[in-house]
1. For region 51-134, just say rounded, prolate or oblate: build the C-alpha gyration tensor, square-root its eigenvalues into a ≥ b ≥ c, call rounded for a/c under 1.5, and beyond that prolate if a/b exceeds b/c, oblate if not.
2. Which of the lysines could be linked to Lys9 by a straight reach, that is with a Cα gap under 30 Å, when you skip same-chain ones fewer than 8 residues away?
3. Along the Cα-to-C-beta direction of Thr185, a point sits 7 Å from the Cα; which residues of region 7-46 have their amide N less than 18 Å from that point?
4. Ranked highest first by average number of other Cβ atoms within 10 Å, how do 48-61, 177-190 line up?
5. How high is the FRET efficiency from Ser85 to Leu192, r the C-beta distance, R0 35 Å, rounded to 0.05?
6. What does a probe at Trp140 reach in region 160-196, counting residues whose amide N is under 15 Å from the point 7 Å along Cα→Cβ?
7. Restricting the count to DSSP beta bridges whose residues both fall in the chain, what percent are antiparallel, rounded to a multiple of 5?
8. Subtract the Cα-Cα distance of Ser126 and Leu55 from 0.36 nm times their separation in residues, and report this length gain in nm to one decimal.
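None of the figures in this text is laboratory data; all of them are computed from the coordinates on show. Every value quoted in this text rests on a predicted model; they were computed, and no experiment measured them. Don't worry about glycine lacking a Cβ; one is built from the backbone with ideal geometry, like all the others, and counts go over all protein chains shown.
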Amino acid sequence: MLYDKNDPKTYNNEMGRYKTVRQLAFIRRFLPDEGVRIVDIGGGNGRLAVPLADLGHKVTVVDECRLATDLLSKENHPNIMCIHSDILSYHTSASFEVAIAVDCLKHMTEIRMTTLFSKVADLLLSNGVFILIDINTGSWHYRFKRVIKRICRYNIASHSCYISALQQSRFEWLQSCGSNWMPFTCNSNSRLVKVFAVLESLLMLDRWPNQSPWVMIASRMS
Ligand SMILES: C[S@@+](CC[C@H](N)C(=O)[O-])C[C@H]1O[C@@H](n2cnc3c(N)ncnc32)[C@H](O)[C@@H]1O
């Protein structure tokens, strides 16, 4: 299924823009100025790959959705290579300095997290960095959703489960940050998203990843 960065029903709305700003800021903490080889796992049609490539990084997007990789290929970005593949069957002689997996773990319902993270480790150089960004089922937000039975069966974990799966897969934890402390749907276009984003910053809720609805976790190959 295509999750189009330009579609108002997916990312082209207030929540999508909030996510993109927060996620890019977190990813950029672990990138030198330019020229880093990045693999964007389940990168869709380049919501994050394009701004990272615009900064001068070389981004390889691996996505199993043909439509997404075709759309991104048509942009002809000189710093982006698109691969149409399931991440587990992707093999390359290249090694990457950084891997990102944003908003895609939840869609990999058939893959054990440690299997995926071990595959990521195989794609990285020996001190490579892996950044994952996804929802946090251990948060009050998702616990409440489970109580009212509004949660799908996703392949996702709590903050501490992500970290233990990373550690079992040759990664050491570097840093975590919380986000999405707002009572809106993931594709909301409410102007109040900006207000909640300011509140989130003022109250420093990003420092509370265990209870954040979304988590951003950086780790390094150990
Ligand atoms: C919600 S979209 C997120 C796209 C992008 N990461 C972003 O944040 O804008 C999830 C993406 O993961 C991709 N995906 C899911 N399972 C995959 C797999 N096993 N291998 C590669 N891509 C996968 C889907 O095709 C989809 O494009």
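1. Details: a/c = 1.68, a/b = 1.23, b/c = 1.37.
It is oblate, given that a/c is not under 1.5 and a/b is not larger than b/c.
2. Reachable lysines: Lys19, Lys58, Lys74, Lys106, Lys145, Lys149, Lys194.
3. Once the point is set 7 Å along Cα→Cβ of Thr185, 7-19 turn out to lie under 18 Å by backbone N, inside region 7-46.
4. On the way: 48-61: 21.1, 177-190: 17.6.
The packing order, highest mean first, is 48-61, 177-190.
5. Numbers: r = 39 Å, r/R0 = 1.12.
After rounding to 0.05, the efficiency reads 0.35.
6. Within reach of a label on Trp140, which here means backbone N under 15 Å from a point 7 Å along Cα→Cβ, region 160-196 contributes 179-184.
7. Numbers: 15 of 36 bridges.
Approximately 40 percent, going by the DSSP bridge assignments.
8. Values: separation 71, 0.36 × 71 = 25.56 nm, distance 2.38 nm.
Full extension of this stretch gives 23.2 nm more.
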